[in-house]
Amino acid sequence: MTPESPRPAPAVELRGLTKIFGSLKANDNISFDILHGSIHGVVGENGAGKSTVMKMLYGIYKPDAGEILVNGRSRRWNSPEDAINAGIGMVHQHFMLAGPYTALENILLGDEPCAKSTGWLPRALRPVATSGARLKLGGLMRKYGMDIKLDTPVENLPVGTQQRIEILKLLYRNADILILDEPTAVLAPQETMELFANLKKLRDEGKTIIIITHKLKEVMGFTDRVTVLRGGRVAGGRETAQTSADEIACLMVGRKISIETGGEKRNRSTGGSVLDIKNLSLLPRGGQSSRHRLKNISLNVKSGEIVGIAGVEGNGQSELLQAILHPHDKSCVSDGAVAIHASMGLIPEDRHKEGLLLERPLDENFLLGQQHRDIFYNRGFVRYPALRKSTREAMETYDVRPRRIEATAGELSGGNQQKLIIAREMDRIPGLVIAAQPTRGVDIGAIEFIHAELLRARDRGAGILLISSELDEIMNLSDRIIVLYEGEVAGTFTRDGYNEREIGLCMAGHQ
Amino acid sequence: MKKHLQPLLAVMLGLAAGLCITAIAGENPLHVLKVLVTSAFGSRYDLGMTLFYSTPLIFTGLSVAMAFHAGLFNIGAEGQLLLGALAGAATGILLPGVPWPIAPFIAACACIMAGAAWGAIPGWLRARRGSHEVIVTIMLNFVAAGLTSWVTLYLLPNPESQNPETRHVGPGYLVSQFGFFDGAPVSAAFIIAIIAAGLVWLFLWRTTAGFEIRATGQNEHAARAAGVNVGRTRIFAMMLAGGLAGMVGIGEVLGNAGKFKMGFSPEYGFTGIAVALLARNKPGGIILAALLFGALHKGTAALDFETEHVTRELSMVLQALVLLSVCADGLWTWLKKGRS
């Protein structure tokens with residue numbers, strides 16, 4: 001785009017890309033360049049259109065308008081296969097690996113090499129010849145400093161390694177442009193560092209890397225250039241070195257915002273115990289691996305404190321949550337005791353699945369879980385007038401938009417759905433709040449609000465159990481941190497002893 | 001408004017397609033339509049028969065809708081209504097001396113309870129063992145058919161008749177029919193059906209238990225997290241569904257035949273699925289949809305002898321086309337998408 005520049009054509013040029021789903025303009029006239037040999041961040045809030053534009057680049061969606069240029073040539077894909085042949089590869093947020101297959105088999109899957117001597121056989125019947133592939137993979141691993149055991153089934157490998165297998169697979173297929181969709185969502189902090197070290201090495205060898213993310217820290221720390229999307233349009237592009245986290249956040253939301261929530265650091269007086277868990281265990285079901293169950297967990301939450309459960313996703317957080325919710329269900333608790341000494345409010349991990357009736361109006365969603373409270377219950381009948389009044393008031397207080405009680409929960413944005421749930425759960429002034437991934441998939445503005453609500457509930461005297469995979473969130477809000485690793489308590493930290501490095505090591509299983 | 005127009009449009013489309021087929025068969029579609037309407041509404045007797053056919057369809061439609069709101073698909077209304085009717089008849093046969101006001105009351109209770117018990121089985125199996133209610137209810141329909149015919153033929157057969165039916169119930173059990181309809185067997189059961197629809201609405205949309213049933217049907221995980229005992233709610237909803245289907249016995253045994261006749265139901269239980277579907281599971285709509293299907297049933301029955309070319313089979317094709325058109329919900333969304 002800059003004619004005076006001596007550089008060759010950018011690796012990727014997007015010109016006026018537009019994609020429309022029904023009445024929704026997911027991408028509206030998106031144009032930006034991605035330079036050769038750079039790490040390019042594509043950031044934006046949920047629903048800003050990051051994934052849509054990358055899926056067009058990767059050939060999953062066809063653009064309704066606009067064009068894609070790769071290395072200066074205009075290209076049109078009919079399927080991801082075309083994109084792969086043109087040297088573009090993508091690592092999806094949820095890895096596309098077959099668990100019981102070995103790393104090597106996963107890498108070769110879909111493009112199996114065959115020995116020349118069997119060329120007379122129909123393609124599907126030719127035996128797979130792996131020696132050439134091993135040679136090539138060995139070379140690639142040496143070049144990019146990866147060390148992967150090729151003959152281990154991938155389900156027995158840590159998540160970070162699985163991700164490296166995905167990247168190696170792309171390199172094996174000669175990809176020059178790598179797209180990574182939220183690559184750090186499932187990684188512990190140390191694994192994140194390793195990933196970015198690997199990516200830098202790849203960049204220095206001339207590969208072009210695109211990272212889709214919503215984490216400002218990663219954008220600022222590891223990218224060369226960044227493009228911010230908001231509401232399906234490009235909100236701005238910057239050289240990372242010449243911008244600040246505040247500016248990027250500002251571009252993402254479209255208004256000024258403070259990123260630090262800043263939990264109070266002073267020591268606080270706490271009251272009696274509201275949640276007691278003693279020697280909680282959950283045995284694995286027959287046949288499954290025992291890695292993601294619970295082993296002998298003891299913890300307690302007192303009123304007036306926030307206890308954070310940190311850990312990489314899938315290390316027992318969901319199981320712990322289910323055990324607290326259904327302490328008498330044998331499929332949730334096989335040993336130990338869960339005692340709850342106060343009324344409980346729940347912000348569920350997956351709000352669509354456990355928190356809302358998506359096709360029902362907001363007042364019925366507000367009633368959910370409160371249907372037996374005296375103000376809404378009258379001898380078997382629901383007090384609908386009182387319910388509507390309370391719902392309206394709560395929507396006003398918690399700023400749930402749109403303010404239409406007849407709207408269904410499914411019509412609300414993620415942030416507003418979460419606000420509705422918080423309004424409902426806080427309305428009965430619970431003594432214990434279980435907040436599981438409370439800010440997942442909500443916009444920055446709502447995150448601020450949700451954090452403030454949790455702190456307010458604590459100051460009012462509620463005990464809060466905060467389960468989150470965002471370490472920053474846990475460190476900001478919690479008075480104590482408990483780290484889960486493979487279903488066990490791997491470490492406990494008090495506010496004075498917070499240290500991101502140590503907590504991170506703990507999360508990764510290094511004691 | 002558009003939402004309410006759509007089912008109406010579906011019925012018209014199905015009817016139009018059916019009339020086209022009668023035209024191909026060599027009949028003037030206008031004549032067919034005229035026969036349909038006059039035979040369904042042409043006289044007091046015809047209107048009465050339409051109401052008589054509609055009554056069980058209201059009950060089975062409510063039954064399917066009740067289960068649907070709990071997230072269950074009740075294909076077993078047919079079996080539940082057979083058991084209900086048999087229980088009503090058995091009560092009247094085994095306790096023939098009970099006097100009038102009490103007799104129909106206990107027989108009605110027997111109908112409801114037998115239906116509820118038959119409905120509770122798939123509910124319990126789903127809640128406790130995870131067996132899919134569609135399979136179980138289909139299977140139980142066969143069991144109910146076998147069970148009722150065994151009881152009818154071996155335990156309570158009517159010695160005075162060549163037909164497969166039970167003995168007569170005691171005289172105190174019979175409910176009088178409205179004279180207005182010139183002998184069509186319209187009894188209090190029709191009124192009870194309307195009241196039942198009102199009660200179902202009140203229950204589902206105004207009570208806490210109804211809310212819990214609907215919450216379970218909408219999202220069982222959210223209901224469970226909200227403290228609803230999902231398993232118990234499911235069993236309860238299936239019992240209610242079964243009870244509603246069992247109420248068909250009130251109109252058939254107490255208001256019409258005075259005995260259990262094998263094969264009395266022209267698949268009311270299955271047509272009830274279409275009724276609920278057309279009504280989008282709303283009780284008010286179920287009354288209207290049941291009237292429509294009742295009229296269609298009565299109307300098409302006359303086609304065989306009122307026209308030259310439309311046979312019994314062809315009139316069933318006509319009914320089926322209306323049903324198909326009602327069920328083709330996806331087709332409408334697809335057509336809409338194509339236009340935009």
Just one of B:G294, B:G246, B:G285 is in contact with a His (Cβ under 9 Å, 6 or more places away or on another chain), among the small types (G, A, S) and under 18 Å from B:F190 (Cβ atoms); which is it? B:G285
Scan of the stretch B:252-281 for residues that are at pLDDT 90 or above, aliphatic (A, V, I, L, M) and assigned to a loop (DSSP other than H, G, I, E, B), ordered by number: B:M262
Going through the stretch A:159-179 in order, the residues found to be touching a helix residue (DSSP H, G or I) at 6+ places or on another chain (Cβ under 8 Å) and outside any helix (DSSP H, G or I) are A:R173, A:A175, A:L178, A:I179
Is it true that A:G380 is surrounded by fewer than 16 Cβ atoms within 10 Å (Cβ to Cβ) and within 14 Å of another protein chain (Cβ to nearest Cβ)? yes
Of the criteria (1) within 27 Å of A:R230 (Cβ to Cβ); (2) among the basic types (K, R); (3) surrounded by fewer than 22 Cβ atoms within 10 Å (Cβ to Cβ), which one A:R76 fails: (1)
Quick check on A:H372: is it modelled with pLDDT under 90 and within 11 Å of another protein chain (Cβ to nearest Cβ)? no
The stretch A:353-367, residues that are at the interface with another protein chain (Cβ under 10 Å from one of its Cβ atoms), in contact (Cβ under 8 Å) with a residue 12 or more places away in the chain and surrounded by fewer than 19 Cβ atoms within 10 Å (Cβ to Cβ): A:L358, A:E359
Among the numbered conditions (1) under 22 Å from A:P438 (Cβ atoms); (2) within 11 Å of another protein chain (Cβ to nearest Cβ); (3) free of Cβ contacts under 8 Å to residues at least 60 places away in the same chain; (4) aliphatic (A, V, I, L, M), tell me where A:M344 comes up short. (3)
Please tell me if A:T192 is without any contact (Cβ under 8 Å) to a residue 40 or more places away in the chain and either crowded, with 18+ Cβ neighbours inside 10 Å or not aromatic (F, W, Y) (or both). yes
Could you pull out the residue among A:R388, A:R379, A:R440, A:R383 that is charged (D, E, K, R) and within 28 Å of the chain's Cα centre (by Cα)? A:R440
Subset of the stretch A:297-341 (residues that are acidic (D, E), away from chain B (no Cβ under 13 Å) and more than 27 Å from the chain's Cα centre (by Cα)): A:D335
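Matching residues to (1) surrounded by 19 or more Cβ atoms within 10 Å (Cβ to Cβ); (2) of a type outside the set (S, T, N, Q); (3) over 20 Å from A:T494 (Cβ atoms):
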residue	(1), (2), (3)
A:T408	no, no, yes
A:G414	no, yes, yes
A:V442	yes, yes, yes
A:R456	no, yes, yes
A:G463	yes, yes, no
A:L466	yes, yes, no
Are any of the residues in the stretch B:218-240 within 14 Å of another protein chain (Cβ to nearest Cβ), among the β-branched types (V, I, T) and closer than 17 Å to B:S63 by Cα? yes
Selected residue (only one of B:V186, B:V175 is buried (at least 17 other Cβ atoms within 10 Å of the Cβ) and at pLDDT 90 or above): B:V186
Go over the candidates A:G87, A:G110 one by one and state the one that is assigned by TED's automatic domain parsing to the domain that holds A:R164, more than 16 Å from A:L150 (Cβ to Cβ) and more than 26 Å from the chain's Cα centre (by Cα). A:G110
Tell me the residue from B:V11, B:V32, B:V37 that is touching a Gly at 6+ places or on another chain (Cβ under 9 Å), crowded, with 16+ Cβ neighbours inside 10 Å and closer than 18 Å to B:V317 by Cα, please. B:V32
Filter the stretch A:46-88 down to residues that are at negative phi and assigned to a loop (DSSP other than H, G, I, E, B), then give me how many there are. 13
Being within 14 Å of chain A (Cβ to nearest Cβ), in contact (Cβ under 8 Å) with a residue 60 or more places away in the chain and crowded, with 19+ Cβ neighbours inside 10 Å, is that true of even one residue in the stretch B:271-282? yes
Are any of the residues in the stretch A:277-289 outside any loop (DSSP other than H, G, I, E, B), modelled with pLDDT of 85 or more and over 18 Å from A:A490 (Cα atoms)? no
Can you tell me which residues in the stretch B:71-117 are among the aromatic types (F, W, Y) and in a helix (DSSP H, G or I)? B:F105
Quick one: would you say B:G231 is touching a residue at least 24 places away in the same chain (Cβ under 8 Å), at positive phi and surrounded by fewer than 19 Cβ atoms within 10 Å (Cβ to Cβ)? no
Filtered residues of the stretch A:208-231 (kept if touching a Ser or Thr at 6+ places or on another chain (Cβ under 8 Å) and either assigned to a strand (DSSP E or B) or under 19 Å from A:R255 (Cβ atoms) (or both)): A:T208, A:I209, A:I211, A:I212, A:T213, A:V219, A:R225, A:V226
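The values are calculated or read from the model by the stated rules, or taken from the named source; none is laboratory data. Every value quoted in this text rests on a predicted model; they were computed, and no experiment measured them. All Cβ positions, glycine included, derive from the backbone under ideal geometry; neighbour counts span all protein chains shown.
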